[in-house]
1. Would you mind working out the magnitude of the charge dipole of the range 70-315 relative to its Cα centre, with +1 at each Lys and Arg C-beta and -1 at each Asp and Glu C-beta, to the nearest 20 Debye?
2. For the chain, set up a GNM with springs between Cα atoms under 10 Å and report which of P174, P139, P290 has the largest fluctuation.
3. Measure off, as a whole percent, the carbon and sulfur share of the 1.4 Å-probe accessible area of the range 31-110, all protein chains present.
4. Please state, to two decimals, what the Cα-based radius of gyration of the range 143-198 comes to when divided by 2.2 N^0.38 Å (N = residues).
5. Please compute the modelled spin-label separation between H381 and E318, points set 7 Å along Cα→Cβ, answer in nm with one decimal.
6. Picking from G401, L85, G141, whose Cα lies most toward the positive end of the charge dipole for the chain (charges on Cβ: Lys, Arg +1; Asp, Glu -1)?
7. Tally the DSSP beta bridges in the chain and give the antiparallel ones as a percent, rounded to 5.
8. What lysines does K136 reach when the alpha-carbon gap must be under 21 Å and sequence neighbours fewer than 8 apart in one chain are set aside?
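The values are calculated or read from the model by the stated rules, or taken from the named source; none is laboratory data. Everything numeric here is computed off the predicted structure, so don't read it as measured data. Using ideal geometry, Cβ is built from the backbone for each residue, glycine included, and neighbour counts are taken over all protein chains shown. Ligands, DNA and RNA are stripped out before the accessible areas are found, and what is left, the full protein with its side chains, is counted by its heavy atoms. Shrake-Rupley method; radii C 1.70, N 1.55, O 1.52, S 1.80 Å.
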Amino acid sequence: MTAIAVPTTVTPAHAADYIALDEAWSTHNYHPLPVVISHGEGAWVTDVDGRRYLDFLSGYSSLNFGHRHPALVAAAVEQLGRVTLTSRAFHHDQFGLFCRELAELTGTEMVLAMNSGAEAVESAIKVARKWAYQVKGVPEGTAEIVVAGANFHGRTTTIVSFSTDEVARADFGPFTPGFTVVAYGDEQALRDAITERTAAVLIEPIQGEAGIVVPPAGYLAAVRRICDENNVLMVADEIQSGLGRTGELLALDDAGVRADLYTLGKALGGGIMPVSAVVGSRSVLGLLKPGEHGSTFGGNPLACAIGRAVVKLLATGEFQERSRELGGYLHARLGELVGHGVSEVRGRGLWAGVEIAPGGPKGREASEALAARGVLCKETHDSTLRVAPPLVITREELDLGVEAIAAVVAR
Ligand SMILES: *Cc1c(COP(=O)(O)O)cnc(C)c1O
């Protein structure tokens, strides 16, 4: 082991000091923009040097209700004054209410409460396999799950096993078998990949990390049909696309399609803490019996109290409506940039992948230039800006963000 000189005694004062601390003491599994946030409110954050930035990323859709939404903070504070953790060894008074309210909101029958998004996806994989063995009659140990190319479902060993992103996989094998990857949006490829051993199709209704990729019209309905024809579960990963982001409660709603299981996360925790869940039909989730699956923190009282407050905000439909209306405006304004440094704009609602035209700045460069102009968003891949402002943003604030993007990509 070589000793590395690290600044152990520095009292951080400015952004550079905090960044040096991160560099010295944290693993380097991220490459953040050089902005050190110390406060947030609504669609705005403030850095340690007192500079204000418009948040055009929302924690990858975790902050759909903005920073410190008063109703969410109030629910958290109230619960902090009562009880925060019981473990599932006992019942608590927030759990059943959270499950019922989330199931009613999403039109589902049962809730499996977890913490991170990856855990929700892992849980959906486990229960889909169990369904394959116990209900469909697939021979033990042979169940297959079909997934899409360029998917993003999280970072566990099993999940990266079916990633097509080499950076996410390299040196992390051996990988979990039982997954078949097909091109996203290709109905025939999906049909061809299904066998008698297929338990489920796991799919993002709009691919987030891939660059806000919307599948061809009719594709999601075709996925549902193919699943029905072959006695296969449809599992929709709505961790990023769900809970108002696209202008509907769930992105699948726009296609008029229902999944057997949905994974939810990110905004379910109100930007306060990780809260995730698998929601879906009793005939699948009801297969789990005591001892077969669990999580120490899953469904804890604080998470449930915050989750209930999130459900209450979404139940009014107000945020979905904002996302739809302001999303239309955002896409119209971003659309004006096509031919002026932007080659394509994808997405729906307050969610957009802005493709920077060849010859323009790289995504990273553009993100840095935007931060310098007081707008925070983040590239995905080389040349895509991911725009996902909190749903509480105003039209005027959207204008600020779009004008900054226009200036940064202009040549
Ligand atoms: C973020 C994300 C996940 C993983 O969630 P974590 O909380 O980071 O584990 C899974 N699926 C999708 C679609 C996501 O966007």
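1. 680 debye
2. P290
3. With neighbouring chains kept in place, the figure for the range 31-110 is 59 percent.
4. With N residues counted in the range 143-198, Rg over 2.2 N^0.38 Å equals 1.13.
5. So the two model labels end up 3.7 nm from each other.
6. Ranked along the dipole, the leading option is L85.
7. Counting DSSP beta bridges with both partners in the chain, the antiparallel share is about 60 percent.
8. K126, K289
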